[in-house]
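Novice: This structure is in structure tokens; I'll ask about it shortly.
The numbers here are math on the coordinates, done by the rules we state, and not lab data. Treat the numbers as computed from the prediction; the structure is a model and nothing was measured. Cβ: placed from backbone, ideal geometry, glycine included. Neighbour counts: every protein chain shown.
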Amino acid sequence: MSYVVLYFIQKSIINLKTFILFRTRYNVLSSEISGSKLSVRSKSDLIDKVFDAITTSGEEGIFQTELCKSFSLDSRDGSRLVGNLEKQSLITREKALYNGRWTYKLVVKKSIPIDIVEQKPIDLSTVEGAPCICCPSQHLCSIEDESNPISPAKCQIIEEWVTTSFNKFMVIQQTDII
């Protein structure tokens, strides 16, 4: 192979890696890059519009391929958006045959009205006196970084609060038994 061909192959690989890095870092959809016809400011706006479209389809639902066509999305991006909604338990996907091809029928999950659900009063006594609310290191505290010295798992103040709360609970339980 000539040096010119190798140069273009190497340049193409670098451009592809840059595109993949950009796409994953900024969470951009390929249809947004290629200039979609939609007036969508962010991915969350697009997800909201997709969910609204599924909601307006009613109990019959909408086929995923039709949804992708109406929003000018490729099947991969459409699948990701729908998967996101499914993870949030907002919709269900049912495998269906549509125009001779397998796709998914998207239906909004039925929500139970709040009136029907038995409403229970919220008991805040379990978090009463929690030190995290007024902790001066709250902005540094993180559960995601294990190397961080300030985390709930390593916090002495939380440990003391939990121990004290548990001891109070045990005293109350013992007095109830007697």
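Novice: Starting from the Cα of residue 154, draw a straight line to each of the aspartates and glutamates and keep only those under 18 Å, dropping any in the same chain fewer than 8 residues away.
Specialist: Leaving aside aspartates and glutamates fewer than 8 places away in the same chain, those within reach of residue 154 are 144, 145, 146.
Novice: Please report 101, 80 as a ranked list, fewest other C-beta atoms within 10 angstrom at the top and most at the bottom.
Specialist: 101, 80
Novice: Next up: Quick check on packing: order 63-74, 132-143, 87-98, 48-59 by the mean number of other C-beta atoms within 10 Å, highest mean leading.
Specialist: Packing order, densest peptide first, comes out as 63-74, 48-59, 87-98, 132-143.
Novice: If you don't mind, there's one more thing I want to ask. May I ask you to work out the translational diffusion coefficient for the stretch 131-177 at 37 °C, viscosity 0.692 mPa s, via Stokes-Einstein with Rh from the Kirkwood sum over Cα pairs, reported in whole µm²/s?
Specialist: D, rounded to a whole number, is 269 µm²/s.
Novice: Using label points projected 7 Å from each Cα along Cα→Cβ, tell me how many nm separate residue 95 and residue 177, to one decimal.
Specialist: Going from the residue 95 label point to the residue 177 one covers 5.4 nm.
Novice: What list do you get for 177, 158 if you sort them by fewest beta carbons within 10 Å?
Specialist: Ordered from fewest to most neighbouring Cβ atoms within 10 Å, 177, 158 come out as 177, 158.
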